[in-house]
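Trainee: Take a look at the following structure, please.
What follows is calculated from the coordinates using simple rules that are stated; it is not laboratory data. Worth saying up front: this structure is predicted, and the values here are computed from it rather than measured. Here Cβ is always computed from backbone atoms with ideal geometry, including for glycine, and neighbour counts include all displayed protein chains.
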Amino acid sequence: KKILVVFGTRPEAIKMAPLVKELYQHSEFDTKVCVTAQHREMLDQVLAFFKIIPDYDLGLMKANQTLNQLSARILTAIDEVLVDFEPDLVLVHGDTSTSSMVALASFHRGIKVGHVEAGLRTYNKRAPFPEEINRQITGRLADVHFAPTKQSAQNLINEGVNSKSVYITGNTVIDALLWGIHHVNEHREDIQEIKEFIKKNQKLIVVTGHRRENFGDKFYEFCSALKELADRKDVQLIYPVHLNPNVQKVVYDTLGNHSNILLIAPLDYEAFIWLLNQSYLIITDSGGVQEEAPSLKKPVLVTRDVTERQEAVAQGTVKLVGTDKNKILKEAFILLDNQETYQNMIGNKNPYGDGTASKQIAKALKSL
Ligand code: UDP
């Protein structure tokens, strides 16, 4: 069976890497990897860490391209790969322009599509934008769906997807994390620099934030909450700042000169999961980080109004706080000051998987 695995962004690469490594171990699959390189540097770092060399590299990253320009370029470029390799199945991931456009191109060519991390929904067209529609389109086009949780499988079934084509496997992000955390080289120079900033007697808050739905006023409000949080003497913040100019400007303008805040460039995956593991608390709007945190036993405040990842919210490890300054501060203070609440939040197992998702997906692919 010829399988083409396609991805383009950092989170997709992290989540597809363990699956690619698993598929390579099965001789009945002829597995090839194609990267659209929707994100360039951030993607390459992940490929290097997991030692994956793509067979096709479409290099589609371009500054300031619109979603429509990017989508058109993906459709055109992937078509040549489909003609060249003639896969039996194309595997795409999640909710990016790469996922939806590659699924559409494969459909046009009559090639089956498998969707990894299928069935996540907010049912809010605009949040997250454009991800919610990307995953709905991909779900419509896919022939086989690998849902991380019961809830995501149920979403698909409610939409009329045949339950026989839906497999509940857990999320491959946990496979990546459990492998990755054992392969971190703590002696790397950038990790040493971060270690020098971290003071043992202060609580470390790791922050990420870059979702489009929060750009503009909401982002200023979020940053002003962080600033006030950092005014506490017992707290330190480290924020790897996303390269998007909408994010960079606001963050550096508002938080640039605070002695308790370390602003750094986005970390590669290896350094980032090491950093998450050092934290006391995480504040983020990232999807992947919400999934990783329960495995590291870290509570998360999510700076969004909705999340397609409800499982950890229901369980208590993750709390939705939006971007309202007072709400963020209130919830952060509770976690900093109330040990009982803190322990209750981290006490559960990870609802997104146990590190065997890639194996389960490979097994399902064999049975198709
Ligand atoms: N991540 C990383 N470096 C960073 C921040 C995040 O490697 O500086 C990783 C993180 O561990 C997670 C993934 O990137 O696996 C999340 O990506 P992102 O927040 O960009 O996207 P989302 O998960 O929201 O789609």
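Trainee: Under 19 Å Cα to Cα from LYS51, which aspartates and glutamates show up? Leave out anything in the same chain fewer than 8 places away.
Mentor: GLU12, GLU22, ASP30, GLU41, ASP175, GLU186, ASP268, GLU270
Trainee: Of LEU365, ALA72, VAL318, which is farthest towards the positive pole of the chain's charge dipole, taken about the Cα centre with +1 and -1 on the beta-carbons of Lys, Arg and Asp, Glu respectively?
Mentor: VAL318
Trainee: Given the -39500 (n - 2.57) contribution per DSSP H run of 4+ residues, what per-residue ellipticity at 222 nm results for the chain, rounded to the nearest 500 deg cm²/dmol?
Mentor: Details: 16 runs with 177 residues, N = 368.
Dividing the helical sum by the residues of the chain leaves -14500 deg cm²/dmol.
Trainee: Quickly rank 166-173, 6-13 as a protection proxy: mean count of other C-beta atoms within 10 Å, highest first. Could you put the intermediate results ahead of the total?
Mentor: Working: 166-173: 25.1, 6-13: 27.4.
Ranked by mean Cβ neighbours within 10 Å, highest first: 6-13, 166-173.
Trainee: Under 15 Å Cα to Cα from LYS249, which aspartates and glutamates show up? Leave out anything in the same chain fewer than 8 places away.
Mentor: Cross-link targets: ASP217, GLU221.
Trainee: Continuing with the same structure: Given Cα positions, please report Rg to Rh for region 6-56, the hydrodynamic radius being the Kirkwood one.
Mentor: On the way: Rg = 10.4 Å, Rh = 10.9 Å.
Taking Rg over the Kirkwood Rh, I get 0.95.
Trainee: In addition: When the chain is fully extended, how far beyond the present Cα-Cα distance does TYR252 get from PHE129, taking 0.36 nm per residue of separation? The partial results should precede the final answer.
Mentor: Values: separation 123, 0.36 × 123 = 44.28 nm, distance 2.43 nm.
Value of the extension gain: 41.9 nm.
Trainee: Follow-up question, since we're still on this one. Please build a GNM for the chain, connecting alpha carbons under 10 Å apart, and tell me which residue among ALA230, ALA357, ALA17 fluctuates the most.
Mentor: ALA230
Trainee: Can you give me the angle between helix 10-24 and the longest principal axis of the chain, using Cα atoms only, in degrees from 0 to 90, rounded to the nearest 10?
Mentor: Rounded to the nearest ten degrees, it is 50.
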